[in-house]
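Here's the structure we're looking at; comments come further down.
The values are calculated or read from the model by the stated rules, or taken from the named source; none is laboratory data. Every value quoted in this text rests on a predicted model; they were computed, and no experiment measured them. A quick note on method: Cβ atoms are made from the backbone with ideal geometry, for glycine too, and the neighbour counts reach across all protein chains shown. What goes into the accessible areas is simple: the full protein's heavy atoms, side chains included, and nothing from ligands, DNA or RNA. Shrake-Rupley method; radii C 1.70, N 1.55, O 1.52, S 1.80 Å.
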Amino acid sequence: MQKELEQVKIKAEQMIAAARDVSELEKIELEFFGRKEGTLNKILKGLKDLSPAEKKVVGPLANEIKSHLQQLLDERKSVLEDEALDAEIEKEKIDLTLPGKKKALGSLNPSSLVQYELEDIFRSLGFMVLDGPELESDYYNFEALNIPEFHPARDMQDTFYIKTKKGESKQVLRTHTSPVQVRAMQKYGAPLRAIVPGRVFRYEALDVSHDNNFYQLEGVMIEENISITNLIAVMKTLLKGIFKKDVKVRLRPGFFPFVEPGFELDINCLICGGRGCSVCKQSGWVELLPCGMIHPNVLKAGNIDPEKYSGFAFGLGLTRMVMMRYGIDDIRLLNSGDLRFLKQF
Ligand code: DAH
């Protein structure tokens, strides 16, 4: 039995020394000290069959081995625990001398860049910068702008109608920023100078120059004795401010129910230099700035007396202007969210 104990001692010593982690140690502990199945206990069960003289020797030996092994186990355990902790710390170690990770900063969409420049130009001319709802009532989007129901002018601006309950006024995704003209007149009265940059929506077949949501910048100026001369002067200031050079323009009659007379102000296509391309539909000219003298019916809808005041309005195709300014030949890039495109601005 003595021999057996010595063998167990040696085996346990070896196993404890070889254990690689705490859970292995726990298994070893169970194997040798387990109450029922533990090797040591199994051996000690035979103690009762020994002679008193033998017991005197084997008993203390067994106890000695037991406490020796227990001590080895405890020591190894604390070593292994320390090692595990060190490994953990090593893993979490931060090297303060490494260069930091740079947070990627976004950049402004070219439409925003041009919009902000325009806002600056108009603020310097004494214009307010206003906002309006993108989900607009049929009244402000059409009726108040002298476009009654069933008027053929509605066909040019087909849009997305929103289902409303019976009795509720019809809602549309606004087709232009013009509805804010009347909202501004009602809120601020005359005299009035305001611009309204914003998103508009149309039911369009998409191609290089048409998207179903794009940006416009509306403008109104209402005072006593405002005439077409004022209109042209402001438009020229605007174009020069944005393109930083004299751009060739042409003014031709244009029909919009909310202005009389109405004009189309076209600029020489800056994508192709006037030679003709897909953006200017091969004409060399791009419709950029429809405008005109505000129709008396619209002033009336805005509670402004057309006998006393007159004014001009314009609806700048902001998205078009952005394309001209940067030479972008496909409108769809602007809303694409494609970083390869956006990073260039
Ligand atoms: N709202 C018109 C459109 O989107 C553009 C427009 C034309 C606006 C003439 C105006 C204007 O203010 O005077 O087609």
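Taken over the stretch 147-173, the criterion of being in contact (Cβ under 8 Å) with a residue 60 or more places away in the chain and either in contact with a Cys (Cβ under 8 Å, 6 or more places away or on another chain) or part of a helix (DSSP H, G or I) (or both) is satisfied by A153 alone. Does any residue of the stretch 178-186 turn out to be at pLDDT 95 or above, more than 16 Å from the ligand (Cβ to nearest atom) and not acidic (D, E)? Yes, the stretch 178-186 contains at least one residue that is at pLDDT 95 or above, more than 16 Å from the ligand (Cβ to nearest atom) and not acidic (D, E).
Considering the stretch 191-221, the residues that are more than 12 Å from the ligand (Cβ to nearest atom) and modelled with pLDDT of 95 or more include one that is farthest from S111 (Cα to Cα), namely P191.
Picking from residues in the stretch 276-324 that are in contact with a Lys or Arg (Cβ under 7 Å, 6 or more places away or on another chain) and within 27 Å of M185 (Cα to Cα), the one that is nearest to the ligand (Cβ to nearest atom) is L288.
What is the residue count in the stretch 256-267 for residues that are farther than 14 Å from A313 by Cβ and either at pLDDT below 90 or in contact with a helix residue (DSSP H, G or I) (Cβ under 8 Å, 6 or more places away or on another chain) (or both)?
Going through the stretch 256-267, the residues farther than 14 Å from A313 by Cβ turn out to be 266-267.
Keeping just the survivors that are either at pLDDT below 90 or in contact with a helix residue (DSSP H, G or I) (Cβ under 8 Å, 6 or more places away or on another chain) (or both) gives 267.
Matching residues across the stretch 256-267 total 1.
Examine the stretch 232-246 for a residue that is over 19 Å from R325 (Cα atoms), modelled with pLDDT of 90 or more and open to solvent by 60 Å² or more (accessible area, probe 1.4 Å), and state whether such a residue exists. No, the stretch 232-246 contains no residue that is over 19 Å from R325 (Cα atoms), modelled with pLDDT of 90 or more and open to solvent by 60 Å² or more (accessible area, probe 1.4 Å). Close contacts from the stretch 131-146, counting a first residue that is within 14 Å of E168 (Cα to Cα) and open to solvent by 50 Å² or more (accessible area, probe 1.4 Å) and a second that is in a strand (DSSP E or B) and among the basic types (K, R), with Cβ to Cβ under 7 Å and a gap of 6+ residues or different chains, come to none at all.
Listed here are the residues, each with its yes/no results for (1) in a strand (DSSP E or B); (2) aromatic (F, W, Y).
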{"residue": "T237", "(1), (2)": "no, no"}
{"residue": "L265", "(1), (2)": "yes, no"}
{"residue": "I271", "(1), (2)": "no, no"}
{"residue": "C280", "(1), (2)": "no, no"}
{"residue": "P290", "(1), (2)": "yes, no"}
{"residue": "N297", "(1), (2)": "no, no"}
{"residue": "F312", "(1), (2)": "yes, yes"}
{"residue": "V322", "(1), (2)": "no, no"}
{"residue": "F345", "(1), (2)": "no, yes"}
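Answer yes if at least one residue in the stretch 26-46 is open to solvent by 50 Å² or more (accessible area, probe 1.4 Å), on the phi < 0 side of the Ramachandran plot and hydrophobic (A, V, I, L, M, F, W, C), and no otherwise.
yes
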